[in-house]
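*Asks:* Dropping the structure in here first, questions after.
The values are calculated or read from the model by the stated rules, or taken from the named source; none is laboratory data. A quick note: this is a predicted structure, and the numbers were derived from the prediction, not measured. Here the Cβ positions follow ideal geometry from the backbone for every residue, glycine too, while neighbour counts run over all protein chains shown. Ligands, DNA and RNA are stripped out before the accessible areas are found, and what is left, the full protein with its side chains, is counted by its heavy atoms. Shrake-Rupley method; radii C 1.70, N 1.55, O 1.52, S 1.80 Å.
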Amino acid sequence: MTQTAHGVEFTQQPSATPKSAEERAAILANPGFGDHFTDHTAIVDYTVDASGQGGWHDARIEAYGPIMLDPSAAVLHYGQEIFEGLKAYRHADGSIWSFRPEANAARMNKSARRLALPEIPAEYFLGAIRELVAADKEWVPAGDGEALYLRPFMIATEAFLGVRAAREVSFRVIASPAGNYFGGELKPISIWISREYARAGRGGTGAAKCGGNYAASLIAQQEAEANGCKQVLFLDQFNDNAVEELGGMNVFFVMKDGSLVTPALSGTILEGVTRSSIIQVAKDMGRGVTERKITLDEWRDGVASGDIAEVFACGTAAVITPIGVLKDATEFIGSEDAKAGETTMAIRTRLLGIQTGTVEDTHGWLTRLA
């Protein structure tokens, strides 16, 4: 059977062994984050033919399961892969919506260009999400702050060891029911300053969403966790220790006048969809927003003087998370007893309200999936 989404036909190959209603309910009672996966996956393949022409084909929904790869597949040797992250939310009437999926599609293609992967037409990207959610709509949780996390990704599957762009590629989407990213009650987190490691360099892949960036951050993340911190902060050591981003989140500062400051995109910082949404939401609330260089010295001095009233991190997974303490072996900025700031929580409430359908979507950000 085939179904058409956004003008693209997806062949349906339902799983022969889906989770029972009881098994699914047990998982949804405590989904965690990234620990469980739905019954199906969306797949679209790309191949360059003998004449050098490439094209996407064989769009399908099939059972979630292992990927068959040749040991010489390019992704395994040269890291040619990219990914995205977005959520599907169940609204009060039972309908299911995604938040700004077109922005994720555009960012994936920006990443694809940087990693020499083929761009995927928006109709395939959006169609894959729609079809997967339609197949696994019972997996979308309805609890406060819960959602179905969607992970589109693209990998180079061609079997060869030459150093060039692969001619065979697979685009896939998997889904995982998600609770609170950091678990439990929302409260300010502690952040570790990375002095030795960098997340990205000038001319590198910092603005792309690719696995190599995250692999490079893991050793610093381990250092953070060993020191009781949830995330790590990366600095540009060759630019006055300018604040860049966390291991997987952007950073915002709430100034004493209520305005927001966030590091300007420099080519080494990921252009977060949540980041750009917060900028717009803050402006809608009458708050000024400035994108500029902000250094570790300004963070330290601003907290001490009161010029910086609140700091928070943001990303698709955690949405908005307040930051209480920034520290390393010699620094301690902020307070372990800090409470989530009023401005931070007001913006978080407004953004989550739009995503979950309790606040009017005046920007047309929501797309109905089911």
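*Asks:* Do we have any residue at all in the stretch 122-129 that's touching a residue at least 40 places away in the same chain (Cβ under 8 Å) and in a loop (DSSP other than H, G, I, E, B)?
*Replies:* Taking every residue of the stretch 122-129 in turn, none turns out to be touching a residue at least 40 places away in the same chain (Cβ under 8 Å) and in a loop (DSSP other than H, G, I, E, B).
*Asks:* Let me confirm something: among A21, A16, A50, A25, which residue is over 13 Å from L148 (Cβ atoms) and at pLDDT below 95? So that I can check it myself, show each step before the final result.
*Replies:* On the way: A21 fails: at pLDDT below 95; A16 fails: at pLDDT below 95; A25 fails: at pLDDT below 95.
Result of the check over A21, A16, A50, A25: A50.
*Asks:* Looking at A42, A50, A16 in this structure, which one is of a type in the set (A, V, I, L, M), over 16 Å from E119 (Cα atoms), surrounded by fewer than 18 Cβ atoms within 10 Å (Cβ to Cβ) and in contact (Cβ under 8 Å) with a residue 12 or more places away in the chain? Give the derivation first.
*Replies:* Details: A42 fails: surrounded by fewer than 18 Cβ atoms within 10 Å (Cβ to Cβ); A50 fails: in contact (Cβ under 8 Å) with a residue 12 or more places away in the chain.
It is A16.
*Asks:* Of the residues E298, E223, E245, E271, which is within 21 Å of P322 (Cα to Cα), open to solvent by 30 Å² or more (accessible area, probe 1.4 Å) and under 17 Å from the mean Cα position of the chain (by Cα)? Steps first, answer last, please.
*Replies:* Details: E298 fails: under 17 Å from the mean Cα position of the chain (by Cα); E223 fails: under 17 Å from the mean Cα position of the chain (by Cα); E245 fails: open to solvent by 30 Å² or more (accessible area, probe 1.4 Å).
Of the residues listed, the single one that is within 21 Å of P322 (Cα to Cα), open to solvent by 30 Å² or more (accessible area, probe 1.4 Å) and under 17 Å from the mean Cα position of the chain (by Cα) is E271.
*Asks:* Answer with yes or no whether E196 is part of a loop (DSSP other than H, G, I, E, B), surrounded by fewer than 18 Cβ atoms within 10 Å (Cβ to Cβ) and of a type in the set (D, E). It would help to see each step written out before you state the result.
*Replies:* On the way: part of a loop (DSSP other than H, G, I, E, B): yes; surrounded by fewer than 18 Cβ atoms within 10 Å (Cβ to Cβ): yes; of a type in the set (D, E): yes.
The answer is yes for E196.
*Asks:* Next question, about the same structure. What are the pairs, 6+ residues apart or on separate chains, where a residue within the stretch 293-311 that is over 13 Å from I193 (Cβ atoms) has its Cβ under 9 Å from a residue that is among the basic types (K, R)?
*Replies:* Sorted first by the residue in the stretch 293-311, then by its partner, the pairs are G302/K256; S305/K256; G306/K256; D307/K256; I308/K256; A309/K256.
*Asks:* Separate question: Has the stretch 314-329 got at least one residue that is open to solvent by 50 Å² or more (accessible area, probe 1.4 Å) and not assigned by the TED database to the domain that holds R107? Break it down into steps so the answer makes sense when it comes.
*Replies:* Kept after step one, since they are open to solvent by 50 Å² or more (accessible area, probe 1.4 Å), are these residues of the stretch 314-329: 329.
Checking which are not assigned by the TED database to the domain that holds R107 leaves us with 329.
Yes, the stretch 314-329 contains a residue that is open to solvent by 50 Å² or more (accessible area, probe 1.4 Å) and not assigned by the TED database to the domain that holds R107.
*Asks:* Within the stretch 341-368, how many residues are assigned to a loop (DSSP other than H, G, I, E, B), touching a residue at least 60 places away in the same chain (Cβ under 8 Å) and open to solvent by 40 Å² or more (accessible area, probe 1.4 Å)? Talk me through it step by step, then tell me what you get.
*Replies:* Initially, the stretch 341-368 is screened for residues assigned to a loop (DSSP other than H, G, I, E, B), giving 341, 357-365.
If we keep only those that are touching a residue at least 60 places away in the same chain (Cβ under 8 Å) as well, we get 341, 357-358, 362-363, 365.
Keeping just the survivors that are open to solvent by 40 Å² or more (accessible area, probe 1.4 Å) gives 357-358, 362-363.
The number of residues fulfilling the criteria is 4.
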